[in-house]
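Here's the structure, in structure tokens; my notes come after.
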């Protein structure tokens, strides 16, 4: 069976100038928003529709989007905000960028609908600094087109609805993808997560009720509203409605961004969509949802479907849908060191365990690779990771700990081999033996 | 369950808490100690050190006690295996990059990290990789930095933002490279800046003048009171073998909370200044000669006894005991010329002065005012702790207004400045009207007259206009006062006695045959009349009881008697809210200096005054207190006459005594004199 691609967020892909309003409207763009402007849908109805669609936050945590929207205080007189998190920084992830480049209007319309549903009249899209070049101008152009078409602004088309959308470009810090760090950054402060409670729904941007959603979550909303919750929910399995965009990278023949229905078997994704492991090699391991997700050995992930429940049951998580594929020649110690270096560099430095622990992990791994490791270091690595996990303000500590825990759980032999052989990798040994 | 009580359980014991309280406040209250570094009760919650992680039933992970509000039925375990494991984990992380250089760290022995490491740390580190080293910063003459020791709790950062209102330290960079710094290299520059020394839980920010001069456990801690302003901040002097090595705040929520002005913290350096007068000296035929105490006291007594006219002048920071003895001495000598108001220039209407200069409310109640109008004051310099209370009032929503010829900088939203002319003109013109309207509408309003107004040439007019505004609007009227004890000296009767007594200005101008100066430096402390040094030098005999020697005293005086500073004498100050605060001597006298009250007592004996047989300063105080009786604090109530302008109302003629020139101690405190503020005062630094 051929799997249908590009049903939701990528639905304009392939059309000429897919980022323009004209193209978007050819794909039923702004129909849902125009229905709202015509007074056909109440905010409550929008929220119910999104709840029924089974849409879950695509930023990594997978929290049900409709439920999140319903947390916003309803009878609140002051300003409320919607903030879209386009600070797409999880290593391996690059699909939000594609939405911004090739289908920005889906995001603009989604923001308008979401803001309306929550009673927010101002919405910000926070884009990572590296998006300065192309995604940011595309988004800004789309917003301008929407304003020019009279779809945004004050009292839009006499509907009584106010909605202003602003793009904001960050300075390129991973931590600003954490929603409260993003708020701080948006306020012009250092990007450092806030402790919770209070949660942003009560005390968010400038202390006002705020909802932060991922780009892909919001860009899915127009299709949900237009084609219906049932259609969207039916695209994926129970508990994982809709499509997901997979950024497949690493040792595959055809890496790329693919929008596919949720729940697609990993085997199908790897072999049918991405052309299998490159160079005819065998699969060793996969990180299924960005570098902070737990690594999965080949035999485990080959049995999984790509959705929230399946991956969670198998001991990892869906994350951002950034699938990193590693073949049999990969040295898992080196991969882990590279990942640990990332978290060391990106820790905001606020909480003690993450600030001090991420560097400790990296230095231990470096020492092992340099042939100066000891067997006791392996236990210490896991112990340090355990002491970071769950002890920090935000999830960056967990994100730094999980790879360490899972790499050592599944590939302990590689670490042990290296420690015992003065830094020589097990894969090097294997290829030498083969030669 | 009542609305204002939340029932929780801590370590199995039921505890009542208030809604909105954090868990750590409740555990602190019942003495269930939870270790912490970033939490401080006066600062906002940061929850970044992760030391106070506790176990809360139902929570999937350990929760920081400092950031978790109490909920009904919550069960907190501060010492469960999970809580202890989390706290120990944090301690291990804190220590891996800490230099562990306790033997050469001034904080050693009084270090929160060291103390808690005893309870939560390992005996041997598991960390065997390289440690972080951070370059030290030069942030000025008061605070030393050893930033490698920093554990990034950000108390100092939050202090700048939340207490000073002037953020000076912040964090830069990310992850383990985070450093606390001033961004652009500069000195920290605020009258409360050195409180970060006390806030810093490790040895990263420390006391620079004190550096490497003693260890915490060698010193004795003695309580005393700050001698530089009318607040009377509570202090501890840390004393090593009779020498004051440093000053730290003594918490008193009613007065200085847990803060201390830099002036009060570092002025102790002057106790050991090279300017200290070590021995009595007498001027004979223009030549100065060291003499012994016996000779000196006899010379002084002879002069006082023989003189037909005598004037007695005390510093507004003299103690109650000194003041009482001075008043008794004056009585015996039959002179009415007695005063401590050496900064005042307009004495008309002095007969309507209240019993003592009073703030109009308690210090803490400043925070409760809705509208405050401060007239003729640079209050950050005059009383830094009161300026902090004003800031708190403003942050709580009060309208704070300044009527002042010059607009001074404050680190909160000043509702209005009425400025640009002389005070009399400002108070009687149209510009004051909006402020008067605000006062009228306020429930709790305070009109405060400052020290610039107190030194104004038309002070009585300023005061009368201020009193009129307060009376018309129902506001309270209060006043600041110079020195540490204007209130106490007024009560002790160090004032010209009714009838023919001369006030400070007239006294100097009248050239009495003998003048006694008690801790007065005529060039810098005396504003009552111009050219005081020259006028005193012309006089027949001037006895100066002084801790310090100066060119002006050498010129003006004929006999110098060395007296102890605030640290070397027992005594009592009455602050501007009327609180009597007694203290003991904390340090050994320098050289031959003696406590001034003892010098006065012996002088009393030598001039054959009756009843000068006190054994202790407590005896003097008891007698004085009995004499003063119960005095109700009252504000100036007006003369019943329209304000008379007796002196010129020119802004240029107003005297603003700079922060670090306020008295002889401060002027000789070397570190304070090297601050940006002092150099700005001296014209060495711009802005």
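Altogether, the Stokes-Einstein calculation at 10 °C and 1.306 mPa s, with the Kirkwood radius of the range B:193-296 over Cα pairs as Rh, returns a diffusion coefficient of 100 µm²/s. Taking other C-beta atoms within 10 angstrom as a stand-in for reagent exposure, B:78, A:121 fall in the order A:121, B:78, fewest first. A simple spin-label model places the labels of residue A:71 and residue B:133 4.6 nm from each other, with each point 7 Å out along Cα-to-Cβ. For chain B, what D do you get in µm² per second when you plug the Kirkwood radius from alpha-carbon pairs into Stokes-Einstein at 20 °C and 1.002 mPa s? Translational D for this selection: 79 µm²/s.
Below 8 Å, C-alpha to C-alpha, sequence gap of six or more: please give me the relative contact order for the range B:147-285 in percent. Spell out each step's value before the answer.
On the way: 185 pairs, mean separation 23.0, N = 139.
Here the relative contact order equals 17 percent.
P(r) for the range B:569-627, from all Cα pairs and a bin width of 5 Å, is 4, 15, 23, 24, 18, 11, 4, 0 %, short bins first. Seen from a random direction on average, the alpha-carbon convex hull of the protein assembly as shown projects onto 51.9 square nanometres. So the label point goes 7 Å from the Cα of residue B:59 along Cα→C-beta, right? Which residues of the range A:388-402 then have their backbone N under 11 Å from it? Residues A:391-392 fall inside that zone. Each 5 Å bin from 0 upward holds the following percent of the Cα-Cα pairs of the range B:304-376: 3, 11, 17, 18, 17, 13, 9, 5, 4, 2, 1, 0.
Ordering B:498, A:409 by the number of other Cβ atoms within 10 Å of each residue's own Cβ, fewest first, gives B:498, A:409. Compared with the dominant principal axis of the Cα atoms in chain B, helix B:293-306 is inclined by about 50°. Which distance in Å, rounded to a whole number, links the C-alpha centroids of the range B:513-567 and the range B:214-269? Each part's Cα centre sits 28 Å from the other's. For the range B:474-518, the equivalent ellipsoid built from the Cα gyration tensor has semi-axes of 26, 13, 11 Å, listed from largest to smallest. The Rg/Rh ratio for the range A:153-242, using Cα coordinates for both the radius of gyration and the Kirkwood hydrodynamic radius, is 1.06. Calculate log10 I(q)/I(0) of the range A:322-435 for q = 0.12, 0.14, 0.19 Å⁻¹, where I(q) comes from the Debye formula with a single equal point scatterer on each Cα and nothing for solvent. Computed log10 I(q)/I(0) values: -0.41, -0.54, -0.93.
Expressed as a fraction of 2.2 N^0.38 Å, the value expected for a compact globular protein of N residues, the C-alpha radius of gyration of the range B:420-571 is 1.31.
Just from its helices, what would the mean residue ellipticity at 222 nm be for the protein assembly as shown, if runs of 4 or more DSSP H residues each count -39500 (n - 2.57) and the sum is divided by every residue, rounded to the nearest 500 deg cm²/dmol?
That comes out to -9500 deg cm²/dmol.
Roughly what percent of Cα-Cα pairs across the range B:171-210 reach past 17 Å?
On the way: 331 of 780 pairs.
Of all Cα-Cα distances in the range B:171-210, 42 percent exceed 17 Å.
Against the empirical curve 2.2 N^0.38 Å, the C-alpha radius of gyration of the range B:545-687 lands at a ratio of 1.40.
Relative to the current alpha-carbon distance between residue B:419 and residue B:126, full extension at 0.36 nm per residue lengthens the span by 99.1 nm. For the range B:35-113 versus the range B:570-644, the inter-centroid distance based on Cα atoms is 48 Å. For the range B:160-240, the alpha-carbon coordinates run over 42, 32, 18 Å along the three principal axes, in decreasing order. DSSP assigns beta bridges within the protein assembly as shown; of those with both partners inside it, close to 50 percent run antiparallel.
Once you wrap a convex hull around the alpha carbon atoms of the range A:231-316, what is its projected area averaged over all directions, in nm²?
Numbers: hull surface 20.6 nm².
So the mean shadow area of the Cα hull is 5.2 nm².
Using only the C-alpha atoms, the convex hull of the range B:297-424 corresponds to 155 Å³ per residue.
Summarised in one figure, the compactness ratio Rg/Rh of chain A, Cα atoms and Kirkwood Rh, is 1.00. With R₀ fixed at 25 Å, the C-beta to C-beta distance from residue A:134 to residue A:366 puts the FRET efficiency at about 0.10. Principal axis analysis of the Cα atoms in the range A:139-298 yields extents of 58, 39, 32 Å, listed in decreasing size. Multiplying each eigenvalue of the alpha-carbon gyration tensor of the range A:261-311 by 5 and taking the square root yields semi-axes of 17, 14, 9 Å, largest first, rounded to whole angstroms. For the range B:118-157, taking the reciprocal of the average inverse distance between every pair of different Cα atoms yields a Kirkwood hydrodynamic radius of 13.0 Å.
Put simply, the range B:605-666 fits an ellipsoid with semi-axes of 38, 23, 14 Å; these come from the alpha carbon gyration tensor as the roots of five times its eigenvalues, largest first.
Spin-label model, residue B:670/residue B:554: points 7 Å from Cα along the beta carbon direction are separated by 2.0 nm. A convex hull fitted to the Cα coordinates of the range B:1-115 yields 112 cubic angstrom per residue.
Using alpha carbon coordinates only, what is the Rg to Rh ratio of the range A:6-117, with Rh defined as the Kirkwood radius? Using only Cα positions, Rg/Rh for the range A:6-117 is 0.97.
In this label model, residue A:279 and residue B:42 are separated by 6.5 nm, measuring between points 7 Å along each Cα→Cβ vector. Note on B:93-99: average number of Cβ atoms from other chains within 10 Å of each residue's Cβ is 4.
Going by C-beta contacts inside 10 Å, put A:355, B:149 in order with the fewest on the left. If you can, show how the numbers build up before the last one.
Numbers: A:355 28, B:149 24.
Ascending number of Cβ neighbours within 10 Å: B:149, A:355.
Expressed as a fraction of 2.2 N^0.38 Å, the value expected for a compact globular protein of N residues, the C-alpha radius of gyration of the range B:39-185 is 1.15. Spherically averaged projected area of the convex hull of Cα atoms, the range B:520-615: 8.1 nm².
None of the figures in this text is laboratory data; all of them are computed from the coordinates on show. Source: prediction; values computed, not measured. Note: ideal-geometry Cβ built from the backbone for every residue, glycine included; neighbour counts use all protein chains shown.
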